[in-house]
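The values are calculated or read from the model by the stated rules, or taken from the named source; none is laboratory data. Quick caveat: nothing in here was measured; it's all calculated off a predicted structure. Using ideal geometry, Cβ is built from the backbone for each residue, glycine included, and neighbour counts are taken over all protein chains shown. With ligands, DNA and RNA removed, areas are computed over all heavy atoms of the protein, side chains included. Shrake-Rupley method; radii C 1.70, N 1.55, O 1.52, S 1.80 Å.
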Amino acid sequence: MITKTMTIGDIIRTYPQTLKVFEKYGLDCYECQVADYEELEHGAGVHKTDLEKLLKELNEVIAP
């Protein structure tokens, strides 16, 4: 399960299928050097993205 305190880099490395969701929300985090240090909650805030919607979609895409 993906949580708001996970770093974006860890999410992408662990669940590469989440890239589509990040791109949908305009979060090109996989290209950013800060991704390894930035928590999802902070990244969503910086990009003015609804954190709850983002978390929901990220977790849906990794669900078996």
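Summarise the accessible area of the chain (1.4 Å probe, protein heavy atoms) by the percent that is carbon and sulfur. Present the calculation step by step, with values, prior to reporting the outcome.
Values: 2240 of 4150 Å².
Ligands and nucleic acids excluded, carbon and sulfur reach 54 percent.
Give, as ranges by residue number, the residues of the stretch 1-38 whose backbone N falls under 13 Å from the point 7 Å along Cα→Cβ of ASN59.
Flagged as within label range: 1-6.
With the contact rule set at Cα under 8 Å and sequence spacing of 6 or more, what percent relative contact order holds for the chain? Mind dumping the intermediate values first?
Details: 63 pairs, mean separation 29.4, N = 64.
This gives 46 percent for the chain.
Mind checking the per residue accessible area of the chain for me, 1.4 Å probe, whole number of Å²?
Each residue of the chain exposes 65 Å² on average to a 1.4 Å probe.
Calculated from DSSP H runs of 4 or more alone, at -39500 (n - 2.57) each and per residue, what is the 222 nm mean residue ellipticity of the chain, nearest 500?
Helix-only estimate at 222 nm: -13500 deg cm²/dmol.
Per residue, how big is the convex hull of the chain when only Cα atoms are used? Give it in Å³.
70 Å³
For LEU55, LEU40, LEU19, give me the order by solvent-accessible area with a 1.4 Å probe, most accessible first, ignoring ligands, DNA and RNA. Walk me through the intermediate numbers first.
Working: LEU55 25, LEU40 0, LEU19 50 Å².
Largest accessible area first, the residues go LEU19, LEU55, LEU40.
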